Amino acid sequence: MSRLLDLMRGDPVADRVVPPSTRSSALTLIISAIMAFLAVFALALSLATLRLADRWSSALGESATIRLTAPEESEEARLSRILAILSETPGIASFRALTVEEEKSLLTPWLGEAVPLETLPIPRLVELLPADQDYDAEGLRLRLEAEVPGAALDDHAAWRRPLVRSAHRLTVLGFGALGLILVAMAAMVTLASTASLAVNRPALRVLRLVGARDAFIARAFVRRFTLRALTGAALGTLIGLAAIWALPDMEAAGGFLTGLGFGGLSWLSALLIPLIAAIVAFWATRAAAFRALKEIP
Amino acid sequence: MSRLLDLMRGDPVADRVVPPSTRSSALTLIISAIMAFLAVFALALSLATLRLADRWSSALGESATIRLTAPEESEEARLSRILAILSETPGIASFRALTVEEEKSLLTPWLGEAVPLETLPIPRLVELLPADQDYDAEGLRLRLEAEVPGAALDDHAAWRRPLVRSAHRLTVLGFGALGLILVAMAAMVTLASTASLAVNRPALRVLRLVGARDAFIARAFVRRFTLRALTGAALGTLIGLAAIWALPDMEAAGGFLTGLGFGGLSWLSALLIPLIAAIVAFWATRAAAFRALKEIP
Amino acid sequence: MIALEDVSYGFDGRLLFEGIGMTLAPGSFHFLTGASGAGKTTLLRLCYLDLLPQRGTITAFSKPAARLGRDGIAQLRRRVGVVHQDCAFLDHLSVRDNIALPLIAASVPPEQHGAAIDDLLHWVGLTERAAARPPELSGGEKQRAALARALILSPDVILADEPTGNLDWEMSLNILTLLVELNRLGKAVLVATHDLNLIRAAKSQVSARVLRLRQGQLDVAGAGL
Amino acid sequence: MIALEDVSYGFDGRLLFEGIGMTLAPGSFHFLTGASGAGKTTLLRLCYLDLLPQRGTITAFSKPAARLGRDGIAQLRRRVGVVHQDCAFLDHLSVRDNIALPLIAASVPPEQHGAAIDDLLHWVGLTERAAARPPELSGGEKQRAALARALILSPDVILADEPTGNLDWEMSLNILTLLVELNRLGKAVLVATHDLNLIRAAKSQVSARVLRLRQGQLDVAGAGL
Ligand SMILES: Nc1ncnc2c1ncn2[C@@H]1O[C@H](COP(=O)(O)OP(=O)(O)OP(=O)(O)O)[C@@H](O)[C@H]1O
Ligand SMILES: Nc1ncnc2c1ncn2[C@@H]1O[C@H](COP(=O)(O)OP(=O)(O)OP(=O)(O)O)[C@@H](O)[C@H]1O
Ligand SMILES: [Mg+2]
Ligand SMILES: [Mg+2]
């Protein structure tokens, strides 16, 4: 890093020995810009799906219900047995028996207000929330069936869980794409700067012939390319951020799907992109320059 | 296209006048390959979210329910009035009154088998499926309240619709990314071939000096670059397809989220990518070659 | 076959020569002299239409140069063999292929290349170096290869810019003899050189006119040379 | 200051010369002749360590060449001024900056460039063309610019490869006078040339040794020249 900063200061006289902006060094700038632009989008997408997954998992909840029906034994006794079993089951964050009022509000959408629930032999319900680590739903179901007659586990959150898992997987894909884009950027910047060095081989030869040391020549080239990659990537990142900022706000429209925008301060992470580009360009050009120079006596 | 095919045949003698594989023409190959690789992923992602959206919208359905409670008037009369209203409402694909058996199966999860539903004054339910164009749920609700006492619209699919909409929006984003990648590929292939032409300017000059006509020189260069872009993009596409094929099958694991793979014959669409790259390279190099030649007397 | 009439040319507004005339008739032999920077190379470039005159007209093979298109200029260059002062080659091709380049550019089938190239390689003494790449040639070898390339299409006009600058006296005389022989076949020859000895040697073999570029004018150097 | 001992060199297995020796002492003046392709340029490249000998040793300023690293070679080249036969320049810099290139490479502060460059530009007659880019120079102007660049660091050894190949006689004599003057200041000078007239002219000004490369050997040409 300190070497990088040192480089930025530069030496105006030594700099002039590098041919100005050949086509293939302009390529370094353009490639950095385009790839940075794509990287910003991939980053935004990844962060958005990450938030989506969080939101879904909290919004949908993951609760399950245990239903207690058919009064064979005293209801209260069986209820306390269920609660005892639950307290022994690992992976359950909390549980509680619903009150009659709560059950009534749950049923209202189906039955309407008119049905006198109090007079009905409606089953008691116990709601449980699994902890982060899922509990063994199948095991619990079997145990309840065996030990508490009339108790049935209704794992009605089961169908929602894959949804959250899907969102998480989308996030992984998004970050994977981001990684791919950064690797591709590194590869292309390396190639472009190597190509530019190859083009400038005659200039390298002239410099060697007049007694320039390798470090002197390399420094001038490395500086040029690092600056170019940094400028290009910064430009691409800025345009990318601006484009995302200018996108219609999906959050307001969508509700469920979070918008593509960066939440809060997460857009700061996009600033890493030009930095990565500069570091890649620095090392790639340095290695390429010394390699190219070694072939020149 | 015929011109493109003509080009592929080539002229082995004329071809030799183009300097072989300079670094920046190798760049054309690598850029095409990397961008094609990214394009395949973007295409796969877009197709996957498209299928996801389809699956969600069909799996979750979009049905709504109308509940008829409180026997003030004859139930049958009011039911037929509801059906009449529905048949007048635009945007509804189908609707029907549920039978008592169906209602019973809906309530079982809540009440268990033991409750004698036949003896209860449970409300009648009418299920309706909206057409593609959503119906005006709020308007329908108000009309029902006004005209059919005791009827209530329960638009319980409302919370699912944004989910489907989200998937659609993801698809749009995916195709947008694909477009961006293709445009970026075009830009970079153009720049790389222009750069390569600039590098080969001395060779162009020598050819002009010995009496070569512009068309002769351009053909040799265009052929070289078109083949290079085609080869690169084909390589990238193949590697991309192979990588997707090699990904663990998410469909089996995920259930809800469809895998990243191409469904059925849709992978054939990926074959368009090298074709687009070749066409872009052909025109870009042609234009660049004639532009470069115009500067050489 | 190439005629300049009242031609002026200059770079960046600095006029190099003004209102000069010159005719390269079939069978004529000209030397072009002048101090370094006088404009010899520039005059030659005008003759093969690498530059277009800023004033005056150039006629090439009875056609006004201004009316030749880019393809017309390409056609013209196949009838004018030029030895350039800086001998530019395609570095990725062998010396042999570089000499064959005008044939390739004129789409002559490869079967018909053979004999002419071998003869020329022998003439300029490069038979042994035919497989080398141009950057591996010595300065004098490059000049000889450039001469061979200029002659491969047996052009009607031969323009040579310092063709012996890097050659020893013996080799220079060989080249001169070759040029004189071609001139006897009716070709127009123009040699730009600063080597007065070469001009003197030529005078014993052929009736050459010596043109001198001085102060923007083209004079015929007297017998005093 | 540069000494070759029992040196052999050849490209691609074809030996150019075998077991030759040469010493460039301070104040010595050598001419190097030989037919085109004899190996003059190659011998010069060995002297400034652009090539390393396949056999034998080269000593530069009392240090064995084989033990100089890449930076050592760079240092050496600042003390050896070379006029290359092909005059390679940085095409994006002006003639003036190209002549200053050795100063820039040696990290001499720009404030100290001025006077030396102006003097040299005047000496080689390029004051007017100082702002031009190298591709805009005529052949002879390039050679003169290359000479100026070789002399800018006032080197101890001057190696010139055909420095007058594209120059007229008058200009050639000017250059020769400049080289003789530098030689009188104690610098070692080696000029590769095929121009026997130049060698004859030099003999009247300085006691030069004439070396001739022939059949892989380096002979001292007799007074017969
Ligand atoms: N492209 C150009 N742009 C600007 N000036 C140029 C260009 N080409 C040549 N000149 C200038 O025009 C003048 C004549 O150049 P030219 O090459 O014709 O000289 P010449 O007679 O061939 O000299 P020499 O014997 O040294 O080769 C020179 O001063 C040169 O610097
Ligand atoms: N890099 C190289 N690879 C292979 N052969 C080479 C290389 N450089 C030079 N040669 C060959 O070595 C021989 C000597 O070349 P050199 O340049 O030393 O000759 P020279 O004496 O300078 O000739 P001239 O007077 O024509 O400049 C030539 O035949 C040349 O073709
Ligand atoms: Mg000239
Ligand atoms: Mg030489």
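Some values worked out for this structure:
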{"quantity": "Flag for D:GLY165 being modelled with pLDDT under 90, under 16 Å from the mean Cα position of the chain (by Cα) and farther than 24 Å from D:ASP118 by Cβ", "calculated": "yes"}
{"quantity": "Test: D:LEU76 is more than 14 Å from chain C (Cβ to nearest Cβ), more than 16 Å from ligand 1 (Cβ to nearest atom), closer than 18 Å to D:LEU190 by Cβ and without any contact (Cβ under 8 Å) to a residue 60 or more places away in the chain", "calculated": "yes"}
{"quantity": "Index of the failed condition, D:LYS63 passing every other in (1) basic (Lys, Arg); (2) surrounded by 17 or more Cβ atoms within 10 Å (Cβ to Cβ); (3) away from ligand 4 (no atom under 16 Å from the Cβ); (4) without any contact (Cβ under 8 Å) to a residue 24 or more places away in the chain", "calculated": "(2)"}
{"quantity": "Selection count, segment D:45-70, where residues are within 12 Å of chain A (Cβ to nearest Cβ) and among the aliphatic types (A, V, I, L, M)", "calculated": "6"}
{"quantity": "Test: residue in segment D:139-153 that is surrounded by fewer than 20 Cβ atoms within 10 Å (Cβ to Cβ) and over 17 Å from D:ALA100 (Cα atoms)", "calculated": "no"}
{"quantity": "Leading residue by the ranking (surrounded by the fewest Cβ atoms within 10 Å (Cβ to Cβ)) among those in segment C:199-225 that are without any contact (Cβ under 8 Å) to a residue 40 or more places away in the chain and in a helix (DSSP H, G or I)", "calculated": "C:ARG200"}
{"quantity": "Residues satisfying the stated conditions in segment B:116-147, i.e. more than 32 Å from the chain's Cα centre (by Cα) and modelled with pLDDT under 70", "calculated": "B:PRO116, B:LEU117, B:GLU118, B:THR119, B:LEU120, B:PRO121, B:ILE122, B:PRO123"}
{"quantity": "Residue within segment D:117-138 that is within 16 Å of ligand 1 (Cβ to nearest atom) and closer than 23 Å to D:MET22 by Cβ present", "calculated": "no"}
{"quantity": "Residue match in segment C:33-56 (condition: more than 16 Å from ligand 1 (Cβ to nearest atom), more than 22 Å from C:SER154 (Cα to Cα) and modelled with pLDDT of 90 or more)", "calculated": "yes"}
{"quantity": "Segment A:141-153 residues that are more than 12 Å from chain B (Cβ to nearest Cβ), paired with ones that are assigned to a strand (DSSP E or B) and buried (at least 19 other Cβ atoms within 10 Å of the Cβ) (beta carbon under 8 Å, 6 or more apart)", "calculated": "A:ARG141/A:LEU153; A:LEU144/A:ILE66; A:LEU144/A:ALA151; A:LEU144/A:LEU153; A:GLU145/A:ALA151; A:VAL148/A:LEU68"}
{"quantity": "Failed item, numbered, when C:ASP118 is tested on (1) assigned to a loop (DSSP other than H, G, I, E, B); (2) farther than 21 Å from C:THR42 by Cα", "calculated": "(1)"}
{"quantity": "Condition met for C:LEU44 (within 13 Å of ligand 3 (Cβ to nearest atom) and not assigned by TED's automatic domain parsing to the domain that holds C:GLU136)", "calculated": "yes"}
{"quantity": "Sole residue being within 16 Å of the chain's Cα centre (by Cα) and more than 16 Å from ligand 4 (Cβ to nearest atom), chosen from D:ILE117, D:ILE175, D:ILE104", "calculated": "D:ILE175"}
{"quantity": "C:VAL7 vs. criteria without any contact (Cβ under 8 Å) to a residue 60 or more places away in the chain, crowded, with 18+ Cβ neighbours inside 10 Å and more than 8 Å from every other protein chain (Cβ to nearest Cβ)", "calculated": "yes"}
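Residues are listed down the side, and each one gets a yes or a no for (1) among the β-branched types (Val, Ile, Thr); (2) within 16 Å of ligand 3 (Cβ to nearest atom); (3) outside the structural domain of D:VAL7 (by TED's automatic domain parsing); (4) over 28 Å from D:LEU16 (Cα atoms):
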| residue | (1), (2), (3), (4) |
| --- | --- |
| D:ASP50 | no, no, no, no |
| D:PRO53 | no, no, no, no |
| D:SER62 | no, no, no, no |
| D:ARG96 | no, no, yes, yes |
| D:ALA116 | no, no, yes, yes |
| D:HIS122 | no, no, yes, yes |
| D:ARG144 | no, yes, yes, yes |
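This table checks each residue for (1) more than 14 Å from ligand 2 (Cβ to nearest atom); (2) over 14 Å from C:VAL82 (Cβ atoms); (3) part of a helix (DSSP H, G or I).
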| position | (1), (2), (3) |
| --- | --- |
| C:GLY125 | no, yes, no |
| C:ALA131 | no, yes, no |
| C:PRO135 | no, yes, yes |
| C:ALA146 | no, no, yes |
| C:PRO155 | yes, no, no |
| C:ALA160 | yes, no, no |
| C:ASN166 | no, yes, no |
| C:MET171 | no, yes, yes |
| C:ASN174 | no, yes, yes |
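The values are calculated or read from the model by the stated rules, or taken from the named source; none is laboratory data. Since the structure is predicted, the reported quantities are computational estimates derived from the model, not experimental observations. Note: ideal-geometry Cβ built from the backbone for every residue, glycine included; neighbour counts use all protein chains shown.
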